[in-house]
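Every number here is computed from the coordinates shown, using simple stated rules; none is lab data. Just so we're clear, the structure is a prediction, and the values are computed from it rather than from any experiment. Neighbour counts are summed over all protein chains in view; Cβ atoms, including those assigned to glycine, are modelled from backbone coordinates with ideal geometry.
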Amino acid sequence: MLDYRPGEALVVNFAFQLHHMPDESVSTTNQRDQLLRMVKGLNPKLVTVVEQDVNTNTSPFFPRFIEAYSYYSAVFESLDATLPRESQDRMNVEKQCLARDIVNIVACDGEERIERYEVAGKWRARIMMAGFTSHPMSQNVIDMIWKHIKEYCDRYKLKEDLGPLHFG
């Protein structure tokens, strides 16, 4: 279906997608790991993963509530730094994205919960078990990303950790 031809460079971008897939905590059919292994079988030149670094996957209710509260407090602080509270764009993000995600994380369990974030170490372990290796970005790329972040807001943070970049 990809119309992938031998000799072409394949790049796969998992931006905010893997956390929606059920894993072993939901079903014996671990769709997350199956997808990662299938993509590894395609022999891509580059795979990027962008996910939140918070545990809302396997925690019982109260720790999950505390994790969600802490994480989304930072998200709302980020919005405060970049968009006025009366901004229509901000209100849309809060109502259409954030509110839905928070309700799903806090109020749903089992297969009903689709917002299943994991901590960075767990994402890293899944990716490595699928056969991928992590490679650090060049300092030029990191500097360019840092420059763009600073143009947007000087309160954001960027940290490299064993290859992956963490934004805060």
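Output the residues belonging to the stretch 109-168 that are assigned to a strand (DSSP E or B) and charged (D, E, K, R).
Hits for the stretch 109-168 are E118, K159, E160.
Filtering E160, E115 for residues that are in contact (Cβ under 8 Å) with a residue 12 or more places away in the chain and surrounded by 14 or more Cβ atoms within 10 Å (Cβ to Cβ) leaves a single hit, E115. Regarding the stretch 97-105, can at least one residue be identified that is touching a Ser or Thr at 6+ places or on another chain (Cβ under 8 Å) and either without any contact (Cβ under 8 Å) to a residue 40 or more places away in the chain or not small (G, A, S) (or both)? Yes: the stretch 97-105 contains one or more residues that are touching a Ser or Thr at 6+ places or on another chain (Cβ under 8 Å) and either without any contact (Cβ under 8 Å) to a residue 40 or more places away in the chain or not small (G, A, S) (or both). Whenever a residue of the stretch 1-25 is within 17 Å of K45 (Cα to Cα), it has no partner that is part of a loop (DSSP other than H, G, I, E, B) and among the polar types (S, T, N, Q) lying with C-beta atoms less than 6 angstrom away and at least six residues away or across chains.
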